[in-house]
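What follows is a set of notes on a single structure, which appears directly below.
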Amino acid sequence: MQSFDFSTELVPGLPNELGLECLTWLPYSAHMLASRVCCRWRDLLRSQDFYYHRKKLGYTQKVACLVQAFSSGIVSGPKKPGELPSYGVAVFESVNRCWYKLPPVPKYPNGLPLFCQPASCEGKLVVMGGWNPASYDPVTDVFIYDFTTQQWRQGKDMPSKRSFFATGACSGRVYIAGGHDENKNALRTAWVYDLRDDEWTQLGELSKERDECEGVVIGEDEFWVVSGYGTESQGQFDGSADVYGFKSGQWRVTEGVWEPGRCPRSNVGVGKGGKLMNWAELDPVVRVGSCGITLGDRVLVTGSEHQGGVPGFYLGGNGKLEKITVADEFSGFVQSGCCVEI
């Protein structure tokens, strides 16, 4: 917090240390209103210094952001019979078990791009790629949702069109790798997006093509690109992973980290000890279409017992799943998701 200007009092009549403490205790849901008090409060509440200050003291909160199907539509009213659902972002707060929807992205008011990929970065939600919901053409769009201002903004486009790629985030950067291009050719390339500089940088190439791979960040050390398949081996998922070391800036290959033939999309998580795990193996009730999001010492898991089954929602801990009640408007299929610490 030393880089922030404390030349004037944050709260009149209080030492700045106490004023800062008062503002630190504010829940993130009050930040937008508090930022209207004065310019100094606005600049402080929106600064990354303040975010890291709150995080260091344990005043942040981990929420699950789900890219979810909303059968009732986003802003255009109920869907017609047989019409495909729209996708938006649902937020789940595990502390009070509260659900709410984020506002639609201005560029896509009737639903997010299909199969877009979410990532969490410095208390913000980043959504990128996917297919235009009207034309099904792949897009390069990048959108960032700021929970303090409760607004979306558009970031610099992805370097190229790609779908079903791996994502991960660490220290203000979002990593992407693999997937396939607009011609359905599997990719080996990887890039990193710097949220602060709004710039993309290439990270070299993976050891092999990896379409429909899954990305996992292990601690603050590595980005794992798990499984996937090549252009000429459609659906034959590989058991290895390409691993990028943040400090070394180098890739290495790790064999035998995934069951060959099984699709990893949204199923890969990090268990105790930083080991990869398959969310679908937690319990038979989430064996199909499973998606897990770690929220501190608990995990939100969704999935169904059989193909076409109604998704269930569960909070996991100590190897057990507790079913939670979800309102109908938040009971749709979860395509993907991530944890955002806000």
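Being open to solvent by less than 40 Å² (accessible area, probe 1.4 Å), at pLDDT 90 or above and within 23 Å of the chain's Cα centre (by Cα): is that true of residue 23 here? So residue 23 fails the test. Here is a check on your reading of the model: is residue 201 open to solvent by 50 Å² or more (accessible area, probe 1.4 Å), hydroxyl-bearing (Ser, Thr, Tyr) and touching a Phe, Trp or Tyr at 6+ places or on another chain (Cβ under 9 Å)? Yes; evaluated as a whole, the condition is true for this residue.
Residue count for region 192-237, restricted to those that are among the basic types (Lys, Arg) and touching a Gly at 6+ places or on another chain (Cβ under 6 Å): 2. In this structure, residue 168 does not satisfy being surrounded by fewer than 22 Cβ atoms within 10 Å (Cβ to Cβ) and either free of Cβ contacts under 8 Å to residues at least 60 places away in the same chain or under 16 Å from the mean Cα position of the chain (by Cα) (or both).
Each row is one residue, and each column tells you yes or no for (1) touching a residue at least 24 places away in the same chain (Cβ under 8 Å); (2) under 30 Å from residue 32 (Cβ atoms); (3) more than 17 Å from the chain's Cα centre (by Cα).
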residue	(1), (2), (3)
123	yes, yes, no
174	yes, yes, no
177	yes, no, no
183	no, no, yes
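Candidates are the residues of region 193-225 that are assigned to a loop (DSSP other than H, G, I, E, B) and acidic (Asp, Glu); the one that is modelled with the lowest pLDDT is 220. Here is the figure for region 279-327: residues that are part of a helix (DSSP H, G or I), modelled with pLDDT under 90 and of a type in the set (A, V, I, L, M, F, W, C) total 2.
Taking region 286-315 only, how many residues are under 19 Å from the mean Cα position of the chain (by Cα) and not β-branched (Val, Ile, Thr)? Result for region 286-315: 13. Those residues that are under 30 Å from residue 235 (Cβ atoms) and either open to solvent by less than 20 Å² (accessible area, probe 1.4 Å) or not polar (S, T, N, Q) (or both), I need them from region 144-165; list them, please. Listed by number, the residues that qualify are 157, 158, 159, 161, 162, 163, 164, 165.
Might you let me know whether region 317-327 holds any residue that is closer than 30 Å to residue 53 by Cβ, touching a Lys or Arg at 6+ places or on another chain (Cβ under 9 Å) and surrounded by fewer than 18 Cβ atoms within 10 Å (Cβ to Cβ)? So far as region 317-327 goes, yes, one or more of its residues are closer than 30 Å to residue 53 by Cβ, touching a Lys or Arg at 6+ places or on another chain (Cβ under 9 Å) and surrounded by fewer than 18 Cβ atoms within 10 Å (Cβ to Cβ).
Within region 131-168, work out how many residues are of a type outside the set (D, E, K, R) and part of a loop (DSSP other than H, G, I, E, B). Spell out how you get there, then give the answer.
Going residue by residue through region 131-168, those that are of a type outside the set (D, E, K, R) are 131-136, 138-140, 142-145, 147-152, 154-155, 158-160, 163-168.
Filter once more, keeping what is part of a loop (DSSP other than H, G, I, E, B): 132-136, 139-140, 147-150, 155, 158-160, 164-165.
Residues meeting the conditions: 17.
The values are calculated or read from the model by the stated rules, or taken from the named source; none is laboratory data. Note that the coordinates shown come from a computational prediction; the quantities given were computed from them, not determined experimentally. Virtual Cβ from ideal backbone geometry, glycine too; neighbours counted across all protein chains shown. Just so you know, the surface numbers come from the protein's heavy atoms only, side chains and all, with ligands and any DNA or RNA stripped out. Shrake-Rupley method; radii C 1.70, N 1.55, O 1.52, S 1.80 Å.
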